[in-house]
Amino acid sequence: MRKVLVGTAVICAAAAAVAVTAIVVQHRRRINRRWARVAAVLKELEEQCATPTEKLKEVADAMTREMHAGLESEDGSTLKMLISFVDKLPTGDERGLFYALDLGGTNFRVLRVQLGGKEGRVVKQESKEVSIPQELMIGSSDELFDFIASALAQFVASEGVDFHLPEGKQRELGFTFSFPVKQTSIASGTLIKWTKRFNIKSTVGEDVVSELTRAMKRQGLDMQVTALVNDTVGALAGGIYDDNDVVAAIILGTGTNAAYVERADAIKKWQGPLPNSGKMVINMEWGNFRSSHLPTTDYDQALDAESLNPGEQIYEKLISGMYLGEIVRRVLLRLAVEAALFGEEVPPQLKVPFVLRTPVMSAMHHDTSADLKVVGAKLQEFLGISSSSLKARKVVVQVCDIVAKRGARLAAAGMVGILKKLGHSNGKTKKRMAFAMDGGLYEHYTLFRESLLAALKEVLGEEASASVSVTMANDGSGIGASLLAASHSRYLEN
Ligand code: ADP
Ligand code: MG
């Protein structure tokens, strides 16, 4: 009897062991299948985002072609190639007191500089930042401009003895206005539409300089607007002031844009008189660049389709700080759904558009700790993923790497497109050419910056790249606008 019982127990235990082994084997298989799926998704992403040198050259050539087309006619290109009316760039000889107002987001900045010519340079500079109350962003244009003019008037009132305005002269202002404007002269332009959470109906179609000037009068401020510029054009002016060889400015921040110095006679669509300088700054609005050569994925297509401006700003959606983190989120979501990258359940927060911001992506991408603890912490903090395996964290870093590299390398290709338009690197000139860079993405995302610089070298080749440099523009759009007020000053005789 006892023997029988023992025998049964042995058989049961064996059966259980077999069953457990079967479950374990099944589980392992499932895990293996999932990792195989992860690998497949990554491989596909890598292939679709690939930017070999040849591809970058094609993108650069496409950029050059679009630049030509945009200069030819008004609607002939994805690039608007806007004429900025800036035909006198700062030389370093500028002297006197100039103000700037930088309005482009929820904050605006006022700034004053005392310029002292070649010897004195920027003798003194002061600035103040003011945030715009929510209600004013959707109120009336008078209210908004009165608020700005009043802050400006207060700032002028605090002008110290280090700043000198010659007798009988009016203070002059460079106005950086980072919204779509149809420029009509250096100091006038009509607003096409408000963007970035501003919605003030009455101003659309109005001259923004007149609006500001009227508000300044109402606030008892005696000042004239001498230059109305876009932030990229301001950055270019600031860059040229610091380095005479600067030919273009690139913004890589929340958005992306480029401006460069063109020969006025090359602007076929322009009907105005040619400026004495023979030069004209062009605001490319390059974020809207599009080309069949751009490597895009299903993630990019979905992001674009669900965006506020489908079909527009395609290049910007591959490159800029606003979107890089969001692309990564979309890839991670697919990996969570199809391969349970973060466990059985798809983390609900991963489904929320734009929860993964580019600075967070950048922090994860730069994590060099052995257990990728920054990645783990960020996944927890921003996506509610309480625990993640090292293997999963490595996948996250890899996705960040693929997305950031593609963006950075495509930005470099665009820069090469500008150089080609200027005759560099096609044997016509070996003149030194410099880019002024502005924006938080380039400044803070080290791996992005390094990829961009490496790609620039790769596409140009060793020899040609020796005469090309990239420098961080130090607050170009602020000081740049005041420099443009100086170079276009009404008190200059010519
Ligand atoms: P804007 O472009 O709005 O004028 P900035 O030039 O300061 O402002 O750029 C801010 C943008 O730069 C952010 O929206 C973000 O995308 C990016 N950025 C800021 N800090 C970092 C960072 N540490 N890593 C990566 N990107 C960053
Ligand atoms: Mg900016």
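The values are calculated or read from the model by the stated rules, or taken from the named source; none is laboratory data. From a predicted model like this one, the values you see are computed outputs, not experimental measurements. Cβ: placed from backbone, ideal geometry, glycine included. Neighbour counts: every protein chain shown. To get the accessible areas, we keep the full protein, side chains included, count just its heavy atoms, and leave off ligands, DNA and RNA. Shrake-Rupley method; radii C 1.70, N 1.55, O 1.52, S 1.80 Å.
For region 69-217, the Kirkwood radius over C-alpha pairs fed into Stokes-Einstein at 25 °C and 0.890 mPa s yields D = 144 µm² per second.
With both residues required to sit in the chain, DSSP beta bridges show an antiparallel share near 60%. Taking 24 Å as the limit for the C-alpha separation, the pairs LYS55/LYS457; LYS378/LYS405; LYS405/LYS430; LYS182/LYS405; LYS405/LYS457; LYS378/LYS457 exceed it in the case of LYS405/LYS430; LYS182/LYS405; LYS378/LYS457. Normalising the average separation of contacting C-alpha pairs (under 8 angstrom, six or more residues apart) by the number of residues puts the relative contact order of the chain at 22 percent. The alpha carbon gyration tensor of region 395-494 gives principal lengths a ≥ b ≥ c with a/c of 1.5 or higher and a/b no greater than b/c, which makes the shape oblate. For the residues HIS27, HIS424, HIS293, a 1.4 Å probe over the protein chains yields an accessible-area ranking, largest first, of HIS27, HIS293, HIS424. Which of the listed residues, THR203, PRO273, ALA227, is farthest toward the dipole's positive end in region 173-280, when Lys, Arg count +1 and Asp, Glu count -1 at the beta-carbon? Positive-end residue among those listed: THR203.
Couplings 3J(HN,Hα) of region 102-116, computed from phi: 10, 10, x, x, 6, 10, 10, 10, 10, 8, 9, 10, 10, 9, x Hz, in residue order, whole Hz [Karplus 6.51 cos²θ - 1.76 cosθ + 1.60, θ = phi - 60°; x for Gly and Pro]. Between GLY440, VAL416, VAL399, the Cα set farthest toward the positive side of the dipole of region 323-461 (charges on each charged residue's Cβ, about the Cα centre) is that of VAL416. Label positions at ARG357 and ARG29, each projected 7 Å from the Cα along the C-beta direction, are separated by 4.6 nm.
Counting only DSSP H runs of at least 4 residues, each contributing -39500 (n - 2.57), and dividing by the residue count of the chain, the helix-based mean residue ellipticity at 222 nm comes to -15500 deg cm²/dmol. For region 37-99, the residue among GLY92, ALA40, MET67 whose Cα projects farthest onto the positive side of the dipole built from Cβ charges is ALA40. A 1.4 Å probe over all protein chains sorts THR64, THR21 by accessible area into THR21, THR64, starting with the largest.
When peptides 204-214, 227-237 are sorted by average Cβ neighbour count within 10 Å, with the highest value leading, the order is 227-237, 204-214. For VAL86, the residues whose amide H sits under 5 Å from its own are VAL281, ignoring neighbours fewer than 5 places away on the same chain, with H placed 1.01 Å from N. What a 1.4 Å probe finds exposed on the chain is 53% carbon and sulfur by accessible area, rounded to a whole percent.
Determine the shape class of region 197-238: with a ≥ b ≥ c the square roots of the Cα gyration tensor eigenvalues, call it rounded for a/c under 1.5, and otherwise prolate if a/b is greater than b/c, oblate otherwise. The shape class here is oblate.
Can you tell me the order of 447-453, 304-310 when each peptide is scored by its average per-residue count of other Cβ atoms within 10 angstrom, highest first?
Ranked by mean Cβ neighbours within 10 Å, highest first: 447-453, 304-310.
Exposure check, 1.4 Å probe, all protein chains in place: PHE342 carries approximately 30 Å² of accessible surface.
Between LYS391 and ALA302, what FRET efficiency follows from the Cβ-Cβ distance if R0 is 25 Å, with the result rounded to 0.05? Here the calculated transfer efficiency is 0.40. When only Cα pairs below 8 angstrom with a gap of at least 6 residues are kept, region 155-261 shows a relative contact order of 25 percent.
Couplings for region 249-259, taken from phi via the Karplus curve 6.51 cos²θ - 1.76 cosθ + 1.60 with θ = phi - 60°, read 10, 10, 9, 10, x, 4, x, 9, 7, 9, 9 Hz in order; Gly and Pro are left as x.
Note that the chain presents 45 Å² accessible area per residue, ligands and nucleic acids not counted, probe 1.4 Å. Rg/Rh for region 202-298 (Cα atoms only, Rh after Kirkwood) is 1.06.
Relative to the Cα centre, what is the charge dipole magnitude of the chain, using +1 at the beta carbon of each Lys and Arg, -1 at the beta carbon of each Asp and Glu, and rounding to the nearest 20 debye?
Charge dipole of the chain: 2100 debye, to the nearest 20.
Each residue of region 55-66 is assigned a 3J(HN,Hα), and the resulting list reads 5, 4, 5, 5, 5, 4, 5, 5, 4, 4, 4, 5 Hz, derived from the Karplus form 6.51 cos²θ - 1.76 cosθ + 1.60 (θ = phi - 60°), x at Gly and Pro. Taking only the alpha carbons of the chain, we obtain Rg and Dmax values of 27.9, 121 Å in that order. With a Förster radius of 30 Å applied to the C-beta separation of GLU312 and GLU129, the computed FRET efficiency comes to 0.50.
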